[in-house]
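Presented below is the structure to which this report refers.
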Amino acid sequence: MSPTPVDVLVIGAGQAGLSAAYHLRRRGFVPVEADHPDDAPTFVVLDAEASPGGAWQHRWPSLRMGTVNGIHELPGYAVPPADPRAPSREVLPAYFAAYESRFELAVRRPVRVRAVRRADDDPRGRLNVEAEETDGIRSWGARYVINATGTWRRPFWPTFPGQASFAGRQLHVHDYRSAEEFRGRRVVIVGAGVSAIQLLDEISAVTDTFWVSRTEPQWDAVAFDTAARIQAIAGVEERVRQGLPPGSVVSVTGAHWSPWAQAAKDRGALVWHPMFRAIEPDGVRMPDGTLERADVILWATGFRADIAHLAPLGLRTPAGGVRVRDTRAIDEPRLFLIGYGPSQSTIGANRAGRDAVRAIVRERAAATV
Ligand SMILES: Cc1cc2nc3c(=O)[nH]c(=O)nc-3n(C[C@H](O)[C@H](O)[C@H](O)COP(=O)(O)OP(=O)(O)OC[C@H]3O[C@@H](n4cnc5c(N)ncnc54)[C@H](O)[C@@H]3O)c2cc1C
């Protein structure tokens, strides 16, 4: 079957994809399958999840509205007031669902994009998007693709000598559910980001913990939107421009002394140690040669961009990233990556969605004069 034509195809309906869809709507784009005049520009959003909420629907149950790291609402519609004790995995998906219907974004789901390819050698031609729907493969021919696929399905685990010999349990925060399952067991927590610190706080309340990370956490007592933070994000921007793997924004902005983190520190839960050098059946071998006993190793070591479906475009640099400037792939100008690199935060995702749509609108206008 020939590809269904569409002007803009958005992959992913998390914060980034919904922001893009909102701005497309505002700029007069209509969902491709709605009734519309022949000359109206069209868009479609494809999302792999069965229901709204992006990655929020998978966050662990104890990640509550009061402990998330500061959420910026989606553009144009405030998050309804929520109990700080309410799980973010319930509040935010409900908000996303309301948002999608309020702005009639017509997200198609569950639809997983398997591959994005150039239709031919014409640099102004279409990109073919191969999407797996419940009843088979469907092909789209898009003038622009906005990729907003996040990181949740790509947890990152570093490798260490002896890792396979460990007799206890190893898990990534991606699969964490509750501190209770570790009661009575000694848990080594690896990582210097916000997730590591939150889980240390909660697991240390029920059992013995030991905290390590490769670099010492940078505690930043100042408020979020400081010049230092802006400068750090500029550093990630420069990395993606050069095609280096982006790294997490939080890893460069540092951890934040929120009231719960301060309380955890005051009760002695945040005692940091340098990274172990090897893993043994009963624990981890520290740089000074001592063995720290462990029943569980919890890897809070971040996530990587989920972009394997873009591989047919051949954009990956030898350094392992994609070269992106101002949300646009430098080596494939019909492709935008949002929620990628410097825009891997709720506020960054909002802005990136807006910026990608602005660039598309500007270019379409220039092409018609
Ligand atoms: C544990 C954790 C806590 C966080 N807390 C905060 C916080 O408090 N504040 C903050 O600003 N940021 C936080 N972040 C960062 C957060 O990931 C971003 O802010 C933002 O929510 C990510 O939105 P997104 O749209 O990029 O990705 P996601 O929410 O992951 O959405 C991506 C969507 O794309 C879909 N998708 C993926 N691949 C495909 C495909 N091939 N085809 C079709 N659809 C696909 C997915 O199913 C998903 O619905 C946190 C991250 C983590 C891991």
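The values are calculated or read from the model by the stated rules, or taken from the named source; none is laboratory data. Here the structure is a predicted model, which is why all the values come from computation and not from measurement. Glycine gets a Cβ as well: all are built from the backbone with ideal geometry, and neighbour counts include every protein chain shown.
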Specify the residue that is nearest to residue 302 (Cα to Cα); the eligible residues are those in the stretch 30-75 that are in contact (Cβ under 8 Å) with a residue 24 or more places away in the chain, surrounded by 16 or more Cβ atoms within 10 Å (Cβ to Cβ) and away from the ligand (no atom under 12 Å from the Cβ).
75
If we only count strands (runs of 3 or more DSSP E) wholly inside the stretch 264-369, which ones have 2 or more residues that are modelled with pLDDT of 95 or more and farther than 21 Å from residue 242 by Cβ?
272-274, 278-280, 283-285, 291-293, 296-299
So residue 192 ticks every box in (1) touching a Pro at 6+ places or on another chain (Cβ under 9 Å); (2) outside the structural domain of residue 29 (by TED's automatic domain parsing); (3) not in a loop (DSSP other than H, G, I, E, B) but one. Which box is left unticked?
(3)
What is the one condition in (1) touching a residue at least 24 places away in the same chain (Cβ under 8 Å); (2) surrounded by fewer than 18 Cβ atoms within 10 Å (Cβ to Cβ) that residue 290 does not satisfy?
(1)
Are any of the residues in the stretch 130-143 touching a strand residue (DSSP E or B) at 6+ places or on another chain (Cβ under 7 Å), over 22 Å from residue 16 (Cβ atoms) and among the β-branched types (Val, Ile, Thr)?
yes
Checking the condition buried (at least 18 other Cβ atoms within 10 Å of the Cβ) and either part of a loop (DSSP other than H, G, I, E, B) or assigned by TED's automatic domain parsing to the domain that holds residue 30 (or both), which residue from 91, 79 passes?
91
Candidates 282, 326 - the one that is within 25 Å of the chain's Cα centre (by Cα), more than 16 Å from the ligand (Cβ to nearest atom) and of a type in the set (Asp, Glu)
326
Taking the stretch 95-121 and keeping residues surrounded by fewer than 17 Cβ atoms within 10 Å (Cβ to Cβ) and part of a helix (DSSP H, G or I) leaves 97, 98, 101, 102
